[in-house]
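Since the structure comes first, as structure tokens, the remarks are kept for the end.
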Amino acid sequence: MRAAFPKDEFDPVESPAEIQFGVIGCGLMGREFASAAARWCHLTDLDVRPVITAACDVDAEATAWFEQNVPTLRYTTAEYEELLADEDLDAIYCAVPHNLHEEVYVDIISAGKHLLGEKPFGIDLEANRTINRAIDDHPGVLVRCSSEFPFFPGAYQIMEWIEAGRFGDLIEVRAGFWHSSDLNPDKPINWKRVEAINGEYGCMGDLGLHAFHIPLRFGWSPTSLSATLTNVMETRPDGSGERVPCETWDNAALQMEVVTEDRHFPMTVSTKRIAPGHANTWFLSVYGTEFSAEFSTKNPKELRYLPYTPGGRQAWRSEDWPHASAYPDITGDIFEFGFTDSILQMWAAFCDELAHGTSGMQQPFHCATPEEAWRTHVLFTSALRSQARTETVALDWSEWERM
């Protein structure tokens, strides 16, 4: 049995004004990070900044974009080991397919580079455990998982209400991440439909940590789980005139029971690649005996809430929530917060924690932790068992090894 999972608290060795970053995986999210770094002047009161100086991808067109758009770049390469051997690099952002997480993340951590990686932190539970062992062996390395949606002002406000105990006894929690990009049956198959690359989790591994991030942060760990997993589009074109099987789950609905010290309540979390009408919708609803609240990125400026006192009316209120970000920025509060703003805020949180430590951060919400990613692996593995057995699965967390 290995040592206990490392604590979430990170103590910085130093407080650098600039953090030298390398990017491994120069696709969609790699470009978003580069854009966020270029917009750092948008933040008004943060004494640390990321500087991207190296980029790696096997696709020359992807690294060419960095060469054309990142003026601080010193070099590009197709071999990520070059970045790990670069003594001038402090940290790595890594966005590679799930089957590469175990090898690449372990190599990054073992090289002593701080890491912000993409979910799900391993193609399966065993791969995730291997990554966790590397983290345990290198306690001076900060490792976090990308999840930007809690930084939307409406979601952030709900977290502040949870922290303040505003809700009273919890009645129910619902969360999810839905999009409809794959409703077209003639969309060519991609790696997310291939089990050997994406993993058996399907949409859960790709989308699930986003939906579970806030519930897990507040300790709402389920004690039982019942899953309904569906493969809506069973085949897709392969690009050469044939149709091939889609091997991974399109949609997942997880019904769970959460037990606290003196209360139990249902929690429903759903992840959907095929949700008609939803381009990219993340949502959270928390219902309590004294207060309830709902937020969705489908209407990013709206926050719905219901304060309640005994004998009073039960009336929902809908309010345009101001642009009040976790890290102050130059945008006026009359304007709408968007996805690129949430990416910038998430990166600010990672750099803030790296430079100042968890306790010294300017605001208290740090990025998703390796333990939270591990808990999603336990939940997704249990969901696969529930689907296979068509039954509710009990969750005794003490029986699951993290490493």
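The values are calculated or read from the model by the stated rules, or taken from the named source; none is laboratory data. Note that this is a predicted model, so its numbers are computed, not measured. Every residue, glycine among them, receives a Cβ derived from its backbone with ideal geometry; neighbour counts consider all protein chains shown. For accessibility, only protein heavy atoms count, side chains too; no ligands or nucleic acids. Shrake-Rupley method; radii C 1.70, N 1.55, O 1.52, S 1.80 Å.
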> How many residues, within region 174-190, are modelled with pLDDT under 95 and in contact with a His (Cβ under 9 Å, 6 or more places away or on another chain)?
Replying inline: 2
>> Test of understanding: among Asn132, Asn99, which residue is crowded, with 23+ Cβ neighbours inside 10 Å, modelled with pLDDT of 95 or more and out of contact with any His (no Cβ under 9 Å at 6 or more places or on another chain)?
In response: Asn132
>> Would you confirm whether or not region 138-158 contains a residue that is assigned to a helix (DSSP H, G or I) and open to solvent by 40 Å² or more (accessible area, probe 1.4 Å)?
In response: no
> Are any of the residues in region 251-271 touching a residue at least 40 places away in the same chain (Cβ under 8 Å), open to solvent by 50 Å² or more (accessible area, probe 1.4 Å) and closer than 28 Å to Pro188 by Cα?
Replying inline: no
>> Checking the condition within 24 Å of Thr390 (Cβ to Cβ) and assigned to a loop (DSSP other than H, G, I, E, B), which residue from Glu200, Glu261, Glu257 passes?
In response: Glu200
> Within region 304-332, how many residues turn out to be touching a helix residue (DSSP H, G or I) at 6+ places or on another chain (Cβ under 9 Å) and assigned to a loop (DSSP other than H, G, I, E, B)?
Replying inline: 9
>> Here is a list: Gly312, Gly288. Which entry is open to solvent by less than 50 Å² (accessible area, probe 1.4 Å), without any contact (Cβ under 8 Å) to a residue 40 or more places away in the chain and farther than 30 Å from Val48 by Cα?
In response: Gly312
> Taking region 324-377 only, how many residues are among the small types (Gly, Ala, Ser) and either touching a His at 6+ places or on another chain (Cβ under 8 Å) or crowded, with 24+ Cβ neighbours inside 10 Å (or both)?
Replying inline: 6
> Exactly one of (1) closer than 27 Å to Arg263 by Cα; (2) within 23 Å of the chain's Cα centre (by Cα) is unmet by Leu170. Its number?
Replying inline: (2)
> For region 213-233, does any single residue satisfy the condition of being part of a loop (DSSP other than H, G, I, E, B), open to solvent by less than 40 Å² (accessible area, probe 1.4 Å), under 18 Å from Asn280 (Cα atoms) and not aromatic (Phe, Trp, Tyr)?
Replying inline: no
>> Among the numbered criteria (1) among the basic types (Lys, Arg); (2) within 26 Å of Gly117 (Cα to Cα); (3) touching a Lys or Arg at 6+ places or on another chain (Cβ under 8 Å), which one does Arg217 miss?
In response: (3)
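Yes/no per residue for (1) in contact with a helix residue (DSSP H, G or I) (Cβ under 6 Å, 6 or more places away or on another chain); (2) touching a residue at least 60 places away in the same chain (Cβ under 8 Å); (3) open to solvent by 30 Å² or more (accessible area, probe 1.4 Å):
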{"position": "Ala54", "(1), (2), (3)": "yes, no, no"}
{"position": "Asp59", "(1), (2), (3)": "no, no, yes"}
{"position": "Phe66", "(1), (2), (3)": "no, no, no"}
{"position": "Leu83", "(1), (2), (3)": "no, yes, no"}
